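Heads up: the structure comes next, in C-alpha cells.
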2 protein chains.
Amino acid sequence: MICPGISYSDYYIAEQSVSIEQLISNLSESNIPNGLDRKQFTEILIETLGVQFVYVDDRKNELLRFHQLLQRYFLQYSSTPEEIDVLIYAAGDSIASGHSWAENDSECINIAYSVKHEFKLDNALLFNVAVECASTLIAMRIALSMLRDRSARKVLILSRNFYTNDRRLSLMGKGTLVSDGAGIIELSADKTDCSIIDFVSIEDNRISKFSDFITKSQLVVELGANAIKTLVERNSIKIHEISMIIPQNTTRFAWQRYCKILDIPISKVFLDNISDYGHVGDVDTIRNLTDVWRRGKGFINVGDFVILYTIGTGTTWAAILIQKTENS
Amino acid sequence: MICPGISYSDYYIAEQSVSIEQLISNLSESNIPNGLDRKQFTEILIETLGVQFVYVDDRKNELLRFHQLLQRYFLQYSSTPEEIDVLIYAAGDSIASGHSWAENDSECINIAYSVKHEFKLDNALLFNVAVECASTLIAMRIALSMLRDRSARKVLILSRNFYTNDRRLSLMGKGTLVSDGAGIIELSADKTDCSIIDFVSIEDNRISKFSDFITKSQLVVELGANAIKTLVERNSIKIHEISMIIPQNTTRFAWQRYCKILDIPISKVFLDNISDYGHVGDVDTIRNLTDVWRRGKGFINVGDFVILYTIGTGTTWAAILIQKTENS
C-alpha cells in the first residue's frame, strides 16, 4: 500500500527589515483603525503579536530565492531531478513574475518554468494552485492523490509570499503583520519519516475578505475548530491524542478561543514563530513545520500525531493530519 | 477498475459584439504590426482567421454566467450536488473577482465560493488552478488522479475568460482574436460515455510570453507535435487511428505545419470554431469538445479516439487522449 508523506522542507525569509514604527508611520490614514493614533496602534501591534520588524524582499529576487533553496535540496538530500513527477507552484497570483502579454523586449520570467528548466526536472508536470494563504496545504492535498494513484513518485511544492511587493503594505486586515519569504516542501510516495493520514477542508463565502476576519472573528474560529474536530473524529483519534497543532502566524489570541472550543491546552499549539517575522503567507505552513521538525526528538517524537492548519481568504479552512513515523 | 471520463459539458459565449474594424481602430499604435496600416491589419485578420466580430462581457457578470450554466446542468443532467467532491476554478488569475484586501464596504465576490454556496455543493473541495489557456486541461489532469484514487466521485471544473476586462484588449500577440465566455465540464469516476485514457504535457521556458509564439513559431509547433506523438505512442495507438484532434481556436495556419510533422490530413483537426468567436481562452477546450459531441453520431462514433490539445503561455503544451465509449 502507498503511504505518502512529507520527505523534505526548507524555507527562506527576507533579510531587509522595516521596524513596526517605520511601517505604521508610512501607512495611509485609512489603514489606521478608528479611534487610535499611530503611536497607540504601533504599541498595540507590538504588544499583541510581539513582532518588532517585518522583512521585505523584491519580487525580482524570487527566482534567486528558489535557486538557493533547490540547490541546497539537491545537495543535502537524496532526491534526483528525474524522480520529481509533479512541480506545484503554490502562489496567490499568476505563474509569471513578468507580463506574458508584454512587448518583445520586456522581462518575463515564469518562475516555475525557469526552476524546472534550471534543475532539469524533465518529468515534472507543472501547475499553479492559488487558494490564498491555504495554497500550500491545498497543493499538498492534490499531491496526495497523485502519489496515491501512482502517477507521481515525488511532488515538489514551491511556495512564496511577496506581499509587500504585490500590495505595497505589510499590514493585512489592520491586525496581521506580514513578511516576505519562500519555501519548498517535498512529498513522496514512500520512504518518508512522516505519513500524511488525512485532509479536511471547509469552504464558506460568509468570510470573503480580510476585513471579515475582524468583524466575524467568532465564525472564523468556529468553522476552523470544526475542520479540526472533523479531521480527528473521522480518523478515530481523540483530540487529546494530538501532540501539536501547527497553525499559521496570523493571530495569537484567536487560539485561546480555538482551544476553548477544542478543549485542549494552548501549549499544544505551536505559536513560537509569530513574534519573529509574523505571517509569511502560505510559506507559514512550510516554515512552521520545518522549525518543529528541526527541534527534533523530545519536541516531536515517533508516533506523534500533528495537525497542520491554515486559512485561505475566500474562505477555505484546511487541516492535514500527519504522523511522525521515524527519527530522521 | 475505475475508468474516469467526461460526463457533461456546456458553455456560454458573450453576446455583445465588437467588429474587427472597430477593435482595430481603437488599438494603440504599439498593437499594430510594423509595416501595416490599420486597414491592412484588419483585412489580414479577417482573411486569415475568418473572425468578423469579437464578443465582450463584463466581469461583473461572471457569477451570473456560472449561475445559468449550473442551473441548466442540474436541470438537464442527473448529477446531485452532494456527489460533487471537487470544484476546480480554472482561471488565469485570483479566485476573487473583487479585492479580498479591500475595505469593509467594497464588493468582493469569490466566484467559486459563491457557486459552491448557491448550489449547495457541500462536499466539494475547492481550489483554483492557473496555467493560462491550458488551465482547463490541467484541471482535468488533476481531477483524473482524484477520481482514480477514489477521493472524488465527480469533479466539476469552472472555466472562464474575461480577457477584454482583464487586459482591455481582444487581440493577443498581434494575431489572435479573443472573445469572453465561460464553460463547465464534469468528470466522473464511472458511467460516462467518454473515457479519459491518458495525459501528456511538455513544459518549456523558451516560449515565455505571447510574442514568442510569433518569433519562435516553429518551436511551438514542434514541441506541440511531440506531445501528441508521445501520447499516441505510449498508448500503442497509431496516429492514423486518431479520429480527431480538438485544438484551441488560436491559429488555423499552424495546423498545416502540425499535420505535416504528424503526417495526418488537416481534415482530422477540428477547426470549425475559429471563425465564430475566435479564441475564448481555456474555455475553448470545453466549447470545442461540447460542439464536437453535439454533432453526434457520424461525426464522432463509439470507439473513436480523440485528442484534446492546448497550449498555456509559460509555456505548457498539454494533450489528453479520450475515447468515445457509448452513444449518449
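Sorted from longest to shortest, the spans of the Cα atoms of the range B:194-324 along the three principal axes equal 40, 35, 23 Å.
Please list, or write none, the lysines whose alpha carbon is within less than 17 Å of the alpha carbon of A:Lys216, excluding same-chain residues fewer than 8 places away. Excluding near neighbours in sequence, the set is A:Lys174. Rolling a 1.4 Å probe across all protein chains gives A:Glu241 an accessible area of roughly 90 Å². If a spin label sat at a point 7 angstrom from the Cα of A:Glu222 along the line to its beta carbon, no backbone N atom of the range A:125-146 would be nearer than 15 Å. Its Cα centre serving as origin, the protein assembly as shown has a Cβ charge dipole (Lys and Arg +1, Asp and Glu -1) of approximately 900 debye.
For the residue pairs B:Lys39/B:Lys268; B:Lys60/B:Lys120; A:Lys229/B:Lys191; A:Lys60/A:Lys324, the alpha carbons lie more than 25 Å apart in B:Lys39/B:Lys268; A:Lys229/B:Lys191; A:Lys60/A:Lys324. Each copy carries a label point for A:Arg234 at 7 Å from Cα along the beta-carbon vector; from one copy to the others these points are 3.2 nm apart, nearest first.
Solvent-accessible surface of protein heavy atoms, probed at 1.4 angstrom with all chains present, puts B:His67, B:His240, B:His279 in the order B:His240, B:His67, B:His279, largest first.
Taking all protein chains together and a probe of 1.4 Å, list B:Arg294, A:Arg206, B:Arg72, B:Arg59 from the most accessible to the least accessible. Display every interim value, and only then the final one.
Values: B:Arg294 145, A:Arg206 120, B:Arg72 100, B:Arg59 35 Å².
Most to least solvent-accessible, the answer reads B:Arg294, A:Arg206, B:Arg72, B:Arg59.
Distances, shortest first, from the label point of A:Ile2 to those at the same position in the other copies read 1.0 nm; the point lies 7 Å along Cα to C-beta.
Amide H to amide H, with H built 1.01 Å from N, A:Ile84 comes under 5 Å of no residue 5 or more places away or on another chain.
Gyration tensor over the Cα atoms of the protein assembly as shown: the corresponding equivalent ellipsoid has semi-axes (square roots of 5 times the eigenvalues, largest first) of 41, 29, 24 Å. Ordering of B:315-326, A:244-255 by packing is B:315-326, A:244-255, highest average first (other Cβ atoms within 10 Å, averaged per residue). The dipole here belongs to the range B:194-324: it is taken about the Cα centre, uses +1 on the Cβ of Lys and Arg and -1 on the Cβ of Asp and Glu, and is about 220 debye. The mean number of partner chain beta-carbon atoms within 10 angstrom of a residue's beta-carbon across peptide A:200-210 is 6.
Take the Cβ atoms of B:Lys191 and A:Glu233, set R0 to 30 Å, and the FRET efficiency comes out at 0.40.
Ranked from shortest, the separations from the 7 Å Cα-to-Cβ label point of A:Lys260 to its equivalents in the other copies are 7.4 nm.
By a 1.4 Å probe calculation restricted to protein chains, B:Asp272 has an accessible surface near 80 Å², given to the nearest 10.
Taking the centroid of alpha carbons for each part, the range A:111-149 and the range B:181-250 are 20 Å apart.
Ranked from largest to smallest solvent-accessible area, with a 1.4 Å probe on the protein heavy atoms, A:Asp263, A:Asp37 come out as A:Asp263, A:Asp37.
Legend: translational diffusion of chain B by Stokes-Einstein, Rh = Kirkwood radius over C-alpha pairs, 37 °C, 0.692 mPa s; D = 161 µm²/s. Residues of the range B:292-316 whose accessible area (probe 1.4 Å, heavy atoms of protein chains only) drops by at least 10 Å² once all protein chains are present, relative to their chain alone: B:Thr313, B:Gly314, B:Thr316.
Helix screen, chain A: DSSP H segments with Cα axial length of 15 Å or more and mean Kyte-Doolittle hydropathy at least 0.0 are A:135-148, A:217-233.
In the protein assembly as shown, the DSSP beta bridges split such that about 70 percent are antiparallel, to the nearest 5.
The values are calculated or read from the model by the stated rules, or taken from the named source; none is laboratory data. Quantities reported herein were computed from a predicted structural model and do not represent experimental measurements. Glycine also receives a Cβ, built like all others from the backbone with ideal geometry; neighbour counts cover every protein chain displayed. The area values use the complete protein model at the heavy-atom level, side chains included, leaving out ligands, DNA and RNA. Shrake-Rupley method; radii C 1.70, N 1.55, O 1.52, S 1.80 Å.
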